[in-house]
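Everything below concerns the one structure shown next.
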Amino acid sequence: MNSIGFLLRAIYAFGADSIGSPSSLRVIPSVARNLWNLSGRKFEIPRRLGMTFMAGLLVASVAIGAERPNVLFILCDDLRWDCIGASGHPYLKTPNIDRIAHEGLRFKNTFCTTSLCSPSRASILSGLYAHTHGVRDNFTEYPTKIVSWPMRLHDEGYATAYLGKWHMGEGNDSPRPGFDWFVTHKAQGKYFGTEWNINGLRHETTPGYYTTAVTDYALDWLKQPERENKPWALCIGHKAPHSYYTPEEKYAHAFDNVRVPYPDTAFHLDDKPTWIKQRLYTWHGIYGPLFEWRKKFPDDRPEAVKDFENMTHAYWSTILSVDDSVGRLLKHLEATKQLDRTIVVFMGDNGLLNGEHGMVDKRAMHEPSIRIPLLVRAPGLKPSVVEQMVLTEDIAPSLLDLCGAKPLKNIHGKSWKRLVQRGDPSWRRSFFYEYNYEKQFPYTPNVRGVRTDEWKYIHYPHGGGGPDRHMAELYNLKTDPDERHNLIKDPASAGKLKELRAELARLMKATGLTRDTMPLDEGVKQELPSQSIR
Ligand SMILES: [Ca+2]
């Protein structure tokens, strides 16, 4: 922000306008409103204010405004925690994304609490569990009465924008409350040829690649002259690397020489519940259509692993374009001297199983499905690797905390600002996970579970209130991080199981889930999902 120019423009605006008229309210910069808001007073500008007082107010408010960081929030769709260079991926090179990690925080143990696009996105926005915000499937709108972190920043004078995949309300591409500028599309969007709704003003179809288009929209918005006037929060919702994995032409063969076998856990399902074995041949199993990378299915012949390899190559390739996007954005922030007063967040909305235990897609509570990448580069936060478990619900309180904004009330998440700055002995040692059976995708049962730093217990309620019909799972993550050995029937682990069940009940109660309702589990089915919602 050019403070002197901004101040002069503001004073000129006041001088040119008729002070005391209602229109004078419109030229008071939002940073001045922030000053009033921050002082705890209801915002109300007296009708007669002297120029001297206003100039003084503006000087003070510019000083405060300059301290409020911008937010660049980059959300990937279905990005695995280990599919960036900074997490140690053996083949994926993502130098621009890695830069955020090297110059900022890398949260090694970040989890979603419902591994599904829309519920998880709503948790990221609101700081709430799905059972509270109410977006429990991919077909529900974000409730406008629930204040999100962008809404709160907007209320406090930030310029806000959301560009890209929103995906709460499949058929609705209209602007949503809390954003000055909103560019999205219906449903999942397409890697090529997405039709965008430009802030409700017009529709346009971009012929090029989604990742490039959304980055172009972001840079256009960032280059608007009014970005200099007040702090901003820009959210980018990438489609990548969500299925159907379609790489940009230049990266289509980037991994041709890499062999990708099925993970060996896919062949050790003896101690797993039956539903996992049934899933093998479905839309969400390794012998299924693999998001159309396999044309004839099911196919469990060993040589059909080639389809799995091709699918994985394509998934990885889409991430290379995201890395290019991050590079362009960081370069712009650096060139305009904004990088060191901008909080840059890079994360995924949910994890993804890539063959582990024979599964593709997500929804289950096994590690690759619930782990997500989270990198944060922020003014005043020293680079480090954070080991503690953080959740999607922690994003909203943390960002508001870092921006000095008023916290959201009665949420489940917790700000990790103190944790990363000087440690927080009261930080969580366990969390609760929930997923509800979807008729449209009948490949995963209802899931309720608890994960601690060392253990995980998962069970599968039927939904009718009676006893579970699927075997539960218990893992010692310290000795068995790949969840190979289900200890649910192990007599030596009976005490731990009892402890975890009690912890699950405690956490459910703590998040307000006293009456747990869910759909009836109709079982794993072979049918494919409807074409329109794949
Ligand atoms: Ca997703």
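The values are calculated or read from the model by the stated rules, or taken from the named source; none is laboratory data. For clarity, every value in this text was computed on a predicted model and none was experimentally measured. A quick note on method: Cβ atoms are made from the backbone with ideal geometry, for glycine too, and the neighbour counts reach across all protein chains shown.
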Quiz item: Cβ-Cβ below 8 Å, separation at least six or inter-chain, first residue in region 98-126 and without any contact (Cβ under 8 Å) to a residue 24 or more places away in the chain, second aliphatic (A, V, I, L, M) and not in a helix (DSSP H, G or I): which pairs?
Solution: 98/84; 119/135
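So, in region 74-98, how many residues would count as being part of a helix (DSSP H, G or I) and in contact with a His (Cβ under 8 Å, 6 or more places away or on another chain)?
Going through region 74-98 one residue at a time, the tally reaches 1.
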Quiz item: If you go through region 465-508 one residue at a time, how many are among the hydroxyl-bearing types (Ser, Thr, Tyr) and over 19 Å from residue 365 (Cα atoms)?
Solution: 1
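Residue-wise test of (1) of a type outside the set (A, V, I, L, M, F, W, C); (2) touching a helix residue (DSSP H, G or I) at 6+ places or on another chain (Cβ under 8 Å); (3) under 19 Å from residue 366 (Cα atoms).
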residue	(1), (2), (3)
427	no, yes, no
435	yes, no, yes
441	no, no, yes
514	yes, yes, no
527	yes, no, no
Quiz item: Any idea which of 302, 298, 261 is over 30 Å from the mean Cα position of the chain (by Cα), over 26 Å from residue 440 (Cβ atoms) and not β-branched (Val, Ile, Thr)?
Solution: 302
Practice problem: Test residue 169 against the criterion of being assigned to a loop (DSSP other than H, G, I, E, B), at pLDDT below 95 and within 30 Å of residue 212 (Cβ to Cβ), and give yes or no. | Solution: yes
Quiz item: Quick one: which strands (runs of 3 or more DSSP E) sit completely within region 387-461 and have at least 2 residues that are among the hydrophobic types (A, V, I, L, M, F, W, C) and under 15 Å from residue 131 (Cα atoms)?
Solution: 430-435
Quiz item: Out of all the residues in region 122-146, which are surrounded by fewer than 22 Cβ atoms within 10 Å (Cβ to Cβ), in contact with a Gly (Cβ under 9 Å, 6 or more places away or on another chain) and either among the acidic types (Asp, Glu) or farther than 11 Å from residue 169 by Cα (or both)?
Solution: 132, 141, 144, 146
Self-check item: Of all residues making up region 150-198, the number that are without any contact (Cβ under 8 Å) to a residue 40 or more places away in the chain and small (Gly, Ala, Ser)
Solution: 5
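Tell me the residue from 240, 233 that is buried (at least 20 other Cβ atoms within 10 Å of the Cβ) and outside any loop (DSSP other than H, G, I, E, B), please.
Result: 233 is the single residue among 240, 233 that is buried (at least 20 other Cβ atoms within 10 Å of the Cβ) and outside any loop (DSSP other than H, G, I, E, B).
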Exercise. For region 323-375, name all the residues that are over 16 Å from residue 237 (Cα atoms) and hydrophobic (A, V, I, L, M, F, W, C).
Key: 330, 333, 335, 339, 343, 352, 353, 359, 360, 364, 365, 370
Quiz item: Filter region 304-350 for residues that are of a type in the set (S, T, N, Q), surrounded by 21 or more Cβ atoms within 10 Å (Cβ to Cβ) and not in a helix (DSSP H, G or I); which is nearest to the ligand (Cβ to nearest atom)?
Solution: 350
Exercise. Give, as residue ranges, the helices (runs of 4 or more DSSP H) completely inside region 99-159 that count at least 1 residues that are among the aromatic types (Phe, Trp, Tyr) and more than 15 Å from the ligand (Cβ to nearest atom).
Key: 149-155
Quiz item: If we scan region 104-121, do we find a residue that is surrounded by fewer than 23 Cβ atoms within 10 Å (Cβ to Cβ) and basic (Lys, Arg)?
Solution: yes
Quiz item: Name the residues in region 482-517 that are acidic (Asp, Glu) and in a helix (DSSP H, G or I), would you?
Solution: 499, 503
Quiz item: What number goes with the only condition from (1) in a strand (DSSP E or B); (2) over 19 Å from the mean Cα position of the chain (by Cα) that residue 163 does not pass?
Solution: (2)
Exercise. Please identify the pairs in which a residue from region 299-326 that is at pLDDT 95 or above has its Cβ atom under 6 Å from the Cβ atom of a residue that is surrounded by fewer than 23 Cβ atoms within 10 Å (Cβ to Cβ) and part of a helix (DSSP H, G or I), counting only partners at least 6 apart or on another chain.
Key: 317/251; 320/251; 323/96; 326/96
Quiz item: For residue 220, are the conditions met, namely being under 20 Å from residue 361 (Cβ atoms), without any contact (Cβ under 8 Å) to a residue 24 or more places away in the chain and either surrounded by fewer than 21 Cβ atoms within 10 Å (Cβ to Cβ) or touching a strand residue (DSSP E or B) at 6+ places or on another chain (Cβ under 7 Å) (or both)?
Solution: no
Quiz item: Among (1) acidic (Asp, Glu); (2) modelled with pLDDT under 95; (3) assigned to a loop (DSSP other than H, G, I, E, B), which single condition is residue 226 missing?
Solution: (3)
Quiz item: Checking residue 421 against (1) over 24 Å from residue 235 (Cβ atoms); (2) of a type outside the set (Gly, Ala, Ser); (3) crowded, with 17+ Cβ neighbours inside 10 Å, which test does it fail?
Solution: (3)
